[in-house]
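Beneath this line is the structure, given in structure tokens, with notes to follow.
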Amino acid sequence: MPSTRINNRIRRLRFDNNEMTQEELAQRAGCTRQTIIALEQGKYVPSIELAFKIAKAFGVALEEVFQYEE
Amino acid sequence: MTISQKTAWVQLVIFSALVIGWAVLFTVNGTVFYWQDETMKMTFYWLLAAAFAALVVMNVVMSILKSRLKAVTDERDKAILRKASLFATGTSYTVVVALLLALAITYMNGGSDNIPVYFPLFIAIIGGVTLVLTQAITALIMYGRKVNHA
């Protein structure tokens, strides 16, 4: 089975959205700041629900935040 | 640091203190296999009771904090706790089975005279302490590593 990886553009999108803080994004997405940090560092792969909430917090589609690589 | 990480740290500190306390007790007073001294026996159980009481108090305090604060834990904390609990249960079960096996072999080789009456209780206690310590250590390690939600 080939190895897969889910990348994200959360850090980039935060800066594009008036330098949104990690805390602010965490509040909007309903998670902790530590989870946002882990996501940005590629240390956590979120649930579909949290992924949608983060995309919604930025007002973009899911694919603009998370990319699936094989 | 999330509230779950803090909980794991407190858990680790409490039960490490318990193990160190027991080690000091056995070093000062000798083997645990034959309780000659009633004071030593009671100290052993008091240390255990104090550790579990501290664990209960910690859980009550954390529950109150979780209910008062917003989004203090989330799906990542739950995923880590779930995986750490699963690993700790397996480890604890393995330790208890290995000790019971050793007990059975001792019994078959030498009869019941070689087995103090406290042994089954010790095995249960060791299983419980292993469970709590392994869960705390595993959770803390997982907070620094890559975790998947599933």
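The values are calculated or read from the model by the stated rules, or taken from the named source; none is laboratory data. Keep in mind that what you see is a predicted model, and the values were worked out from it rather than measured. In this analysis, Cβ positions are derived from the backbone assuming ideal geometry, glycine residues included, and neighbour counts consider all displayed protein chains.
Things worth noting here:
- Criterion: of a type outside the set (Phe, Trp, Tyr), touching a Cys at 6+ places or on another chain (Cβ under 7 Å) and over 24 Å from B:Leu18 (Cβ atoms) - qualifying residue of B:Asp74, B:Asp113: B:Asp74
- Within the stretch B:117-133, residues that are closer than 17 Å to B:Gln11 by Cβ reach partners that are among the aromatic types (Phe, Trp, Tyr) with beta carbons closer than 8 Å, at six or more positions or on different chains, in the pairs B:Gly127/B:Tyr93; B:Val129/B:Phe15; B:Val132/B:Phe15; B:Leu133/B:Phe15.
- Complete set of residues in the stretch B:134-148 that are in contact (Cβ under 8 Å) with a residue 24 or more places away in the chain and within 14 Å of another protein chain (Cβ to nearest Cβ): B:Ala139, B:Leu140, B:Met142, B:Tyr143, B:Val147, B:Asn148
- Selected residue (criterion: modelled with the lowest pLDDT) from residues of the stretch A:46-64 that are within 24 Å of B:Gly144 (Cβ to Cβ) and in contact with a Phe, Trp or Tyr (Cβ under 9 Å, 6 or more places away or on another chain): A:Pro46
- Applying the criterion of being of a type in the set (D, E, K, R) and without any contact (Cβ under 8 Å) to a residue 24 or more places away in the chain to the residues of the stretch A:39-55, the residue that is nearest to the other protein chains (Cβ to nearest Cβ) is A:Lys43.
- For the stretch A:9-33, a residue qualifies if it is surrounded by fewer than 20 Cβ atoms within 10 Å (Cβ to Cβ), more than 18 Å from B:Arg145 (Cα to Cα) and at the interface with chain B (Cβ under 9 Å from one of its Cβ atoms), and the qualifying residues are A:Gln27, A:Gly30.
- Residue in the stretch B:107-122 that is more than 14 Å from chain A (Cβ to nearest Cβ), of a type in the set (S, T, N, Q) and under 18 Å from the mean Cα position of the chain (by Cα) present: no
- Taken over the stretch B:126-150, the criterion of being under 16 Å from B:Ser92 (Cβ atoms), crowded, with 16+ Cβ neighbours inside 10 Å and among the aliphatic types (A, V, I, L, M) is satisfied by B:Val129, B:Leu131, B:Val132, B:Leu133, B:Ala136, B:Ile137, B:Ala139.
- Failed criterion for A:Val60 (all others in (1) outside any loop (DSSP other than H, G, I, E, B); (2) more than 26 Å from B:Leu69 (Cβ to Cβ) hold): (1)
- Residue list for the stretch B:16-50, restricted to those being modelled with pLDDT under 90 and either closer than 30 Å to A:Gln34 by Cα or β-branched (Val, Ile, Thr) (or both): B:Val24, B:Thr27, B:Val28, B:Thr31, B:Val32, B:Thr39, B:Thr43
- Residues being touching a helix residue (DSSP H, G or I) at 6+ places or on another chain (Cβ under 9 Å) and part of a loop (DSSP other than H, G, I, E, B) - total across the stretch A:14-51: 9
- B:Tyr93 vs. criteria hydroxyl-bearing (Ser, Thr, Tyr) and at pLDDT 90 or above: yes
- Sole residue being over 30 Å from B:Lys66 (Cα atoms) and within 12 Å of chain B (Cβ to nearest Cβ), chosen from A:Ile6, A:Ile36: A:Ile6
- Here B:Met1 fulfils each of the conditions (1) part of a helix (DSSP H, G or I); (2) surrounded by fewer than 16 Cβ atoms within 10 Å (Cβ to Cβ); (3) within 14 Å of chain A (Cβ to nearest Cβ) apart from (1).
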